[in-house]
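Remarks on the structure that follows.
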């Protein structure tokens with residue numbers, strides 16, 4: 001799916017500044033998530049790869065269902081693969097595939113690993129956020145494995161810019177909305 005195939009005539013006005021102002025404050029920020037973005041992300045960015053403990057902390061928050069599988073990954077593999085994926089010279093379109101080389105890492109976790117390090121450049125892509133965008137006619141699917149991440153990322157950046165917020169704030173508003181907190 002590329003951006004040319006997105007529904008440009010859908011009523012996208014529903015996901016705008018008012019949407020974010022209404023729903024983002026309803027999002028409950030957990031201590032783990034706060035730590036990921038305030039402490040772990042900057043450490044990983046400086047180190048330019050994930051340490052095993054930081055990788056597993058992201059997984060605890062985003063991929064608890066596959067945590068046992070992720071715990072079996074060798075520390076050196078985590079360091080190497082995340083180092084290549086986060087390298088400044090790595091093209092953006094290869095980052096997700098690289099992270100998914102690690103057993104148990106799917107689209108939601110891979111996008112989260114990128115977003116924790118650079119929340120202004122990347123966006124978390126999961127079924128909940130895609131479902132809201134799909135319901136608003138902005139994406140063709142709510143399945144993360146069927147949606148091109150680069151197309152999603154560009155849409156999120158565009159919607160966030162239009163809503164005068166960060167992509168992470170938009171994501172949190174989408175999640176609050178998806179949890180039935182809409183009127």
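The values are calculated or read from the model by the stated rules, or taken from the named source; none is laboratory data. Note that this is a predicted model, so its numbers are computed, not measured. All Cβ positions, glycine included, derive from the backbone under ideal geometry; neighbour counts span all protein chains shown.
Worth a mention:
- Of the listed requirements (1) at pLDDT 95 or above; (2) over 15 Å from residue 110 (Cβ atoms); (3) surrounded by fewer than 15 Cβ atoms within 10 Å (Cβ to Cβ), residue 77 misses just one: (2).
- All positions within the stretch 111-132 that are assigned to a helix (DSSP H, G or I) and touching a residue at least 24 places away in the same chain (Cβ under 8 Å): 111, 112, 113, 114, 115, 116, 117, 128, 129, 131, 132
- Test: residue in the stretch 83-100 that is under 27 Å from residue 21 (Cα atoms) and surrounded by 15 or more Cβ atoms within 10 Å (Cβ to Cβ): no
- Residue 164 without any contact (Cβ under 8 Å) to a residue 12 or more places away in the chain and over 21 Å from residue 61 (Cα atoms): no
- Residue identified as in contact with a helix residue (DSSP H, G or I) (Cβ under 7 Å, 6 or more places away or on another chain) and under 28 Å from residue 26 (Cα atoms) among 96, 147: 147
- Matching entry among 135, 142 (being free of Cβ contacts under 8 Å to residues at least 24 places away in the same chain, crowded, with 16+ Cβ neighbours inside 10 Å and outside the structural domain of residue 45 (by TED's automatic domain parsing)): 142
- Evaluation of residue 96 against (1) assigned to a helix (DSSP H, G or I); (2) without any contact (Cβ under 8 Å) to a residue 24 or more places away in the chain (one fails), failing number: (2)
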